[in-house]
Amino acid sequence: MADPGEGRPVTVSDVQQLVRRKDEVEAQIKACYELLEGQKGVGMHGPLVDAEGFPRSDIDLYQVRTARHNIICLQNDHKALMKQVEEALHKLHAREKEKHAKDEAEALAEAMSQKQSLPQAFAKVNTVTPGSPASVSGLQVDDEIVEFGSVNANNFQNLQNIATVVQHSEGRPLSVTVIRGGRRVHVGLTPKRWSGKGLLGCNIVPLQR
(Lines give C-alpha, C1' and ligand atoms only; values in the text may rest on other atoms or scores of the structure.)
Protein backbone atom coordinates (compact mmCIF):
# COMPACT_ATOMS: atom_id res chain seq x y z
CA MET A 1 0.00 0.00 0.00
CA ALA A 2 1.59 3.26 -1.13
CA ASP A 3 2.20 6.05 1.31
CA PRO A 4 0.22 9.13 0.11
CA GLY A 5 3.08 11.30 1.39
CA GLU A 6 5.69 9.50 -0.72
CA GLY A 7 7.68 11.83 -2.97
CA ARG A 8 5.98 14.98 -1.67
CA PRO A 9 5.29 16.68 1.67
CA VAL A 10 2.61 15.02 3.82
CA THR A 11 -0.56 17.08 4.26
CA VAL A 12 -3.36 17.02 6.85
CA SER A 13 -5.60 15.68 4.05
CA ASP A 14 -3.23 12.69 3.60
CA VAL A 15 -3.49 11.84 7.30
CA GLN A 16 -7.29 12.15 7.20
CA GLN A 17 -7.40 9.83 4.17
CA LEU A 18 -5.25 7.23 5.97
CA VAL A 19 -7.47 7.43 9.07
CA ARG A 20 -10.58 6.94 6.88
CA ARG A 21 -8.98 3.83 5.33
CA LYS A 22 -8.07 2.54 8.79
CA ASP A 23 -11.70 3.05 9.95
CA GLU A 24 -12.97 1.19 6.86
CA VAL A 25 -10.64 -1.78 7.56
CA GLU A 26 -11.75 -1.84 11.23
CA ALA A 27 -15.41 -1.91 10.11
CA GLN A 28 -14.65 -4.83 7.74
CA ILE A 29 -12.85 -6.76 10.52
CA LYS A 30 -15.83 -6.17 12.85
CA ALA A 31 -18.25 -7.45 10.15
CA CYS A 32 -16.16 -10.63 9.71
CA TYR A 33 -16.11 -11.28 13.48
CA GLU A 34 -19.89 -10.77 13.61
CA LEU A 35 -20.28 -13.33 10.81
CA LEU A 36 -18.18 -15.83 12.80
CA GLU A 37 -20.29 -15.18 15.91
CA GLY A 38 -23.38 -15.87 13.79
CA GLN A 39 -21.92 -19.29 12.92
CA LYS A 40 -22.55 -20.81 16.37
CA GLY A 41 -19.90 -18.50 17.84
CA VAL A 42 -17.12 -20.46 16.12
CA GLY A 43 -14.78 -17.45 16.18
CA MET A 44 -11.21 -17.62 14.87
CA HIS A 45 -10.25 -20.86 16.60
CA GLY A 46 -13.43 -22.95 17.05
CA PRO A 47 -13.24 -26.48 15.53
CA LEU A 48 -14.55 -26.98 11.98
CA VAL A 49 -14.98 -30.73 12.44
CA ASP A 50 -17.20 -32.70 14.79
CA ALA A 51 -16.11 -35.22 17.44
CA GLU A 52 -15.78 -37.92 14.79
CA GLY A 53 -13.57 -35.78 12.55
CA PHE A 54 -16.23 -35.00 9.96
CA PRO A 55 -16.83 -31.41 8.68
CA ARG A 56 -19.44 -29.75 10.88
CA SER A 57 -22.89 -29.62 9.30
CA ASP A 58 -24.29 -26.97 11.69
CA ILE A 59 -22.15 -24.15 10.23
CA ASP A 60 -21.33 -22.77 6.77
CA LEU A 61 -17.72 -23.93 6.48
CA TYR A 62 -17.02 -21.83 3.37
CA GLN A 63 -18.24 -18.64 5.07
CA VAL A 64 -16.24 -19.40 8.21
CA ARG A 65 -13.00 -20.14 6.32
CA THR A 66 -13.46 -17.01 4.12
CA ALA A 67 -14.16 -14.79 7.15
CA ARG A 68 -11.13 -16.15 9.04
CA HIS A 69 -8.88 -15.61 5.99
CA ASN A 70 -10.25 -12.08 5.49
CA ILE A 71 -9.67 -11.20 9.15
CA ILE A 72 -5.99 -12.26 8.92
CA CYS A 73 -5.47 -10.20 5.71
CA LEU A 74 -7.40 -7.20 7.07
CA GLN A 75 -5.42 -7.25 10.35
CA ASN A 76 -2.18 -7.08 8.35
CA ASP A 77 -3.61 -4.14 6.34
CA HIS A 78 -4.68 -2.48 9.60
CA LYS A 79 -1.20 -2.87 11.10
CA ALA A 80 0.38 -1.35 7.95
CA LEU A 81 -2.13 1.54 7.96
CA MET A 82 -1.48 2.28 11.66
CA LYS A 83 2.26 2.47 10.87
CA GLN A 84 1.55 4.84 7.94
CA VAL A 85 -0.70 7.06 10.10
CA GLU A 86 2.02 7.24 12.77
CA GLU A 87 4.73 8.08 10.20
CA ALA A 88 2.52 10.66 8.43
CA LEU A 89 1.71 12.39 11.73
CA HIS A 90 5.39 12.41 12.65
CA LYS A 91 6.31 14.01 9.28
CA LEU A 92 3.48 16.53 9.61
CA HIS A 93 4.56 17.58 13.12
CA ALA A 94 8.23 17.75 12.09
CA ARG A 95 7.35 19.99 9.14
CA GLU A 96 5.16 22.27 11.30
CA LYS A 97 8.00 22.55 13.81
CA GLU A 98 10.49 23.32 11.03
CA LYS A 99 8.14 25.93 9.50
CA HIS A 100 7.61 27.58 12.91
CA ALA A 101 11.37 27.74 13.52
CA LYS A 102 11.92 29.18 10.01
CA ASP A 103 9.18 31.82 10.53
CA GLU A 104 10.72 32.82 13.87
CA ALA A 105 14.21 33.07 12.34
CA GLU A 106 12.88 35.20 9.44
CA ALA A 107 11.00 37.52 11.81
CA LEU A 108 14.11 37.91 13.96
CA ALA A 109 16.31 38.60 10.91
CA GLU A 110 13.80 41.20 9.65
CA ALA A 111 13.69 42.91 13.05
CA MET A 112 17.49 42.94 13.23
CA SER A 113 17.91 44.37 9.72
CA GLN A 114 15.25 47.01 10.41
CA LYS A 115 17.03 47.93 13.63
CA GLN A 116 20.35 48.21 11.82
CA SER A 117 18.87 50.34 9.03
CA LEU A 118 17.36 52.89 11.46
CA PRO A 119 19.44 56.05 11.94
CA GLN A 120 20.85 56.87 15.35
CA ALA A 121 18.70 59.04 17.62
CA PHE A 122 20.29 61.72 19.81
CA ALA A 123 17.36 63.12 21.79
CA LYS A 124 13.92 62.13 23.05
CA VAL A 125 10.58 63.90 23.53
CA ASN A 126 9.40 63.41 27.13
CA THR A 127 6.42 65.82 27.27
CA VAL A 128 4.07 67.37 24.69
CA THR A 129 1.56 70.03 25.75
CA PRO A 130 -1.90 69.66 24.14
CA GLY A 131 -2.67 72.47 21.65
CA SER A 132 1.00 73.42 21.26
CA PRO A 133 2.85 73.62 17.89
CA ALA A 134 4.55 70.31 18.77
CA SER A 135 1.18 68.66 19.49
CA VAL A 136 -0.40 70.04 16.28
CA SER A 137 2.54 68.71 14.23
CA GLY A 138 1.90 65.17 15.56
CA LEU A 139 5.01 64.92 17.75
CA GLN A 140 4.47 62.36 20.54
CA VAL A 141 5.97 61.52 23.94
CA ASP A 142 8.78 58.92 23.64
CA ASP A 143 9.55 59.90 20.01
CA GLU A 144 13.32 59.54 19.55
CA ILE A 145 14.73 62.37 17.42
CA VAL A 146 17.18 61.46 14.63
CA GLU A 147 16.97 64.77 12.72
CA PHE A 148 15.79 68.16 13.90
CA GLY A 149 16.21 70.56 10.99
CA SER A 150 19.97 70.60 10.37
CA VAL A 151 20.80 68.86 13.68
CA ASN A 152 21.52 65.12 13.64
CA ALA A 153 23.47 62.54 15.68
CA ASN A 154 26.74 63.51 13.99
CA ASN A 155 26.69 67.24 14.83
CA PHE A 156 24.54 67.29 18.00
CA GLN A 157 26.47 68.50 21.04
CA ASN A 158 23.79 69.73 23.44
CA LEU A 159 20.20 71.02 23.59
CA GLN A 160 21.39 74.52 22.67
CA ASN A 161 21.85 73.22 19.10
CA ILE A 162 18.09 72.52 18.92
CA ALA A 163 17.19 75.84 20.62
CA THR A 164 19.24 77.74 18.01
CA VAL A 165 17.48 75.95 15.11
CA VAL A 166 14.06 76.67 16.69
CA GLN A 167 14.83 80.41 17.13
CA HIS A 168 16.02 80.75 13.52
CA SER A 169 12.97 78.89 12.18
CA GLU A 170 10.15 80.79 13.91
CA GLY A 171 7.10 80.74 11.61
CA ARG A 172 8.79 78.39 9.11
CA PRO A 173 8.24 74.60 8.90
CA LEU A 174 11.08 72.45 10.20
CA SER A 175 11.67 68.90 9.01
CA VAL A 176 11.85 66.59 12.02
CA THR A 177 12.53 62.84 11.76
CA VAL A 178 11.82 60.56 14.72
CA ILE A 179 11.84 56.84 15.51
CA ARG A 180 8.44 55.73 16.80
CA GLY A 181 7.65 52.09 17.60
CA GLY A 182 10.73 50.88 15.70
CA ARG A 183 9.82 52.87 12.56
CA ARG A 184 11.05 56.11 11.03
CA VAL A 185 8.40 58.90 11.05
CA HIS A 186 8.67 62.37 9.43
CA VAL A 187 7.01 65.34 11.13
CA GLY A 188 6.56 68.91 9.84
CA LEU A 189 7.01 71.19 12.87
CA THR A 190 6.55 74.99 12.71
CA PRO A 191 7.98 76.82 15.78
CA LYS A 192 5.68 79.77 16.65
CA ARG A 193 4.21 81.85 19.45
CA TRP A 194 1.21 80.25 21.11
CA SER A 195 -0.70 80.58 24.40
CA GLY A 196 1.91 78.56 26.28
CA LYS A 197 5.63 78.90 26.97
CA GLY A 198 8.27 78.76 24.24
CA LEU A 199 7.87 78.17 20.50
CA LEU A 200 7.31 74.38 20.56
CA GLY A 201 5.34 73.32 23.63
CA CYS A 202 7.33 70.13 24.20
CA ASN A 203 10.29 69.08 26.27
CA ILE A 204 13.29 67.38 24.66
CA VAL A 205 16.04 65.59 26.58
CA PRO A 206 19.37 64.21 25.26
CA LEU A 207 19.54 60.45 24.88
CA GLN A 208 22.09 58.75 27.09
CA ARG A 209 24.00 56.33 24.84
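The values are calculated or read from the model by the stated rules, or taken from the named source; none is laboratory data. Note that the structure is predicted; figures quoted are calculated from it, not measured. All Cβ positions, glycine included, derive from the backbone under ideal geometry; neighbour counts span all protein chains shown. Quick note on the areas: whole protein, heavy atoms, side chains included, nothing else; ligands and nucleic acids left out. Shrake-Rupley method; radii C 1.70, N 1.55, O 1.52, S 1.80 Å.
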Review point. Restricting the search to region 160-187, which residues are more than 28 Å from Met112 (Cα to Cα) and open to solvent by less than 70 Å² (accessible area, probe 1.4 Å)?
Key: Asn161, Ile162, Ala163, Thr164, Val165, Val166, Ser169, Gly171, Leu174
Review point. Within the group Ala105, Ala67, Ala31, Ala80, which residue is touching a helix residue (DSSP H, G or I) at 6+ places or on another chain (Cβ under 7 Å), over 30 Å from Ile145 (Cβ atoms) and not acidic (Asp, Glu)?
Key: Ala67
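Of these, Val25, Val12, which one is open to solvent by 80 Å² or more (accessible area, probe 1.4 Å) and in contact with a Leu (Cβ under 9 Å, 6 or more places away or on another chain)?
Val12
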Revision key, fill the gap. Of (1) on the phi > 0 side of the Ramachandran plot; (2) not in a loop (DSSP other than H, G, I, E, B), Gly198 fails just (2)
Exercise for review: Taking Pro130 as meeting all but one of (1) assigned by the TED database to the domain that holds Asn152; (2) at positive phi; (3) without any contact (Cβ under 8 Å) to a residue 24 or more places away in the chain, write down the number of the exception.
Suggested key: (2)
**Study point:** Any pair with Cβ under 6 angstrom, 6 or more apart, that starts in region 10-29 at a residue that is assigned by the TED database to the domain that holds Leu74 and part of a helix (DSSP H, G or I) and ends at one that is open to solvent by 50 Å² or more (accessible area, probe 1.4 Å) and of a type in the set (Val, Ile, Thr)
**Key:** none
Study note, to complete from the structure: When every residue in region 58-114 that is polar (S, T, N, Q) and either under 30 Å from Asp14 (Cβ atoms) or touching a Cys at 6+ places or on another chain (Cβ under 6 Å) (or both) is compared, the one most open to solvent (accessible area, probe 1.4 Å) is Asn76
Review point. Condition test on Ile71, is it part of a helix (DSSP H, G or I), more than 21 Å from Lys91 (Cα to Cα) and at pLDDT 90 or above?
Key: yes
Review point. List pairs: first in region 36-49 and without any contact (Cβ under 8 Å) to a residue 12 or more places away in the chain, second open to solvent by 30 Å² or more (accessible area, probe 1.4 Å), Cβ under 6 Å, 6+ apart or cross-chain?
Key: Val49/Pro55
